[in-house]
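Worksheet: one structure, shown below.
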């Protein structure tokens with residue numbers, strides 16, 4: 001089973017509109033971390049936002065917020081007032097505890113290609 | 001305030017050759033990760049180092065792939081007898097700790113092309 005599922009391969013959104021990128025995850029751990037990354041066409045992976053499984057408040061970072069619904073295992077990224085520069089691939093990722101202690105690396109979804117139209 | 005540095009940025013090699021890809025993590029970051037990203041896909045985990053030792057190498061696809069981090073800083077990913085299917089972008093990342101809340105910071109990757 002996929003650990004991270006992103007059901008929107010591509011999205012077109014008008015500039016200045018809000019956009020929601022979907023992400024569901026699968027884990028049996030109680031402690032885990034959820035991350036969103038942006039990858040522009042240049043290829044760099046840019047960390048956007050983090051949500052811990054025990055965090056009661058939804059994470060926010062500037063125009064980015066994370067709609068965390070733990071019971072539904074959902075961690076959607078919301079971008080408010082979208083800009084042309086937001087056009088990129090967006091990846092949802094999860095970090096779980098590692099059996100040897102600490103945490104393992106990130107497991108990524110397949111990504112959503114977001115295109116902002118003027 | 002340098003980020004994660006990967007060299008070379010591009011590598012073209014012939015099928016069957018040996019290649020080494022280098023990663024210089026952010027100074028002070030104890031955890032280092034290698035990922036492989038094929039076109040149109042998310043990054044795929046290869047190996048994770050905590051300090052000098054490989055904490056988790058379960059993502060390495062076969063024994064042609066090997067990685068080292070001898071002094072707990074710079075890491076080298078080594079691929080023997082390269083195959084065309086190894087063509088991808090190889091990403092390195094580091095994090096300050098190995099904790100769940102510690103984000104990974106990625107380099108710009110090495111684009112490997114096997115002809």
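Bear in mind that the values in this text are calculations on the coordinates, not laboratory data. Since we're looking at a predicted model, the values are computed, not measured. Please note: Cβ atoms are built from the backbone with ideal geometry, for glycine as well, and neighbour counts cover all protein chains shown.
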Within chain B, the percent of DSSP beta bridges that are antiparallel, given to the nearest 5, stands at 90 percent
Roughly what % antiparallel, to the nearest 5, for the DSSP beta bridges in the protein assembly as shown?
90 percent
Per residue of B:80-88, other chain Cβ atoms within 10 Å number on average 0
Write down the radius of gyration of chain B and its Dmax, each obtained from C-alpha positions, in Å.
13.3, 40
At 20 °C and 1.002 mPa s, what whole-number value in µm²/s does Stokes-Einstein give for the translational diffusion of chain A, with Rh from the Kirkwood sum over Cα pairs?
148 µm²/s
Under the definition of Cα pairs under 8 Å and six or more residues apart, what whole-number percent is the relative contact order of region B:11-115?
36 percent
How big is the protein assembly as shown on each of its three principal axes, counting only the C-alpha atoms and giving the largest first in Å?
49, 41, 39
Mean per-residue count of partner chain Cβ within 10 Å for B:102-110 equals 5
Ranking A:13, B:74, A:19, B:4 by Cβ neighbours within 10 Å, fewest first, what do you get?
B:74, A:13, A:19, B:4
